[in-house]
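What follows is one structure encoded as structure tokens, with my remarks underneath.
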Amino acid sequence: MGQRADAIVVLGCRVLPSGRLTTAAARRAATAADAFLKGFAPHIVTSGGRRWGAQIEAEALRQELVRAGVPDEAVTRELWSLTTHENAIFSASVLRRMEAQRVLVVTCAWHMNRALQNFRAAGVDALPLPSAGVRAGALRTAYRSGHEIVCTWLDARAMQRAHALVRGMPATTKGSSTP
């Protein structure tokens, strides 16, 4: 974790109905907070608009970061995304407004390759900052591998459609403000 960046992006993860983070989400928040407090980037974007009951991923992550000592004003919430592909697209928009060019992406190690592919396809200079993981059994490892293969294919198709839509837009609407 020796690389400097303009921002850190923490990808959303399931939140318990009580508002507590799952262990995976807590590890992501801890990794981001540690990097921020060590001066690796001056800002954190929490990405994830999925609701788990009354809890929203990006907001729950923000609260945990603040509890860990990150100043509230250093955290921006991206509240629209529901998938990794959308994390990349909507975070890229937030990052452009912040003029952040190089970012550290925080997610689980098994999910990192797909996350980086999506962020790079969205035009972000993304570097990996994987959160610590726990050893998974053979069945969970096989499931995750299959899941990532299918989702990588789906994300690539979604990104192709997004690029095709942008290419087909009239010049006056290209670059207009979206979430």
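The values are calculated or read from the model by the stated rules, or taken from the named source; none is laboratory data. Remember, it's a predicted structure, so these values are computed and weren't measured experimentally. Cβ atoms come from the backbone with ideal geometry, glycine included; neighbour counts cover every protein chain shown. Calculation scope for accessible area: heavy atoms of the full protein, side chains included, ligands and nucleic acids excluded. Shrake-Rupley method; radii C 1.70, N 1.55, O 1.52, S 1.80 Å.
Checking each residue in segment 86-115 for being assigned to a helix (DSSP H, G or I), more than 13 Å from SER47 (Cα to Cα), of a type outside the set (Lys, Arg) and out of contact with any helix residue (DSSP H, G or I) (no Cβ under 9 Å at 6 or more places or on another chain) picks out MET98, ALA109, MET112. Against the definition (more than 15 Å from ARG50 (Cβ to Cβ), crowded, with 21+ Cβ neighbours inside 10 Å, over 10 Å from the mean Cα position of the chain (by Cα) and of a type outside the set (S, T, N, Q)), how does LEU65 come out, yes or no? In short, yes. Of all the criteria given as (1) open to solvent by less than 30 Å² (accessible area, probe 1.4 Å); (2) small (Gly, Ala, Ser); (3) more than 23 Å from ASP125 (Cβ to Cβ), the one not satisfied by ALA7 is (3). Based on this model, can you work out whether ARG27 counts as in a strand (DSSP E or B), open to solvent by 40 Å² or more (accessible area, probe 1.4 Å) and under 16 Å from LEU104 (Cα atoms)? No: the conditions fail for ARG27.
Only one entry in ALA88, ALA60 is under 15 Å from ASP125 (Cα atoms) and buried (at least 22 other Cβ atoms within 10 Å of the Cβ), namely ALA88. Restricting attention to segment 43-56, the residues that are modelled with pLDDT under 95 and not in a strand (DSSP E or B) add up to 5. Within segment 69-109, the residues that satisfy the criterion of being under 20 Å from ASP34 (Cα atoms) and touching a Gly at 6+ places or on another chain (Cβ under 8 Å) are CYS108, ALA109.
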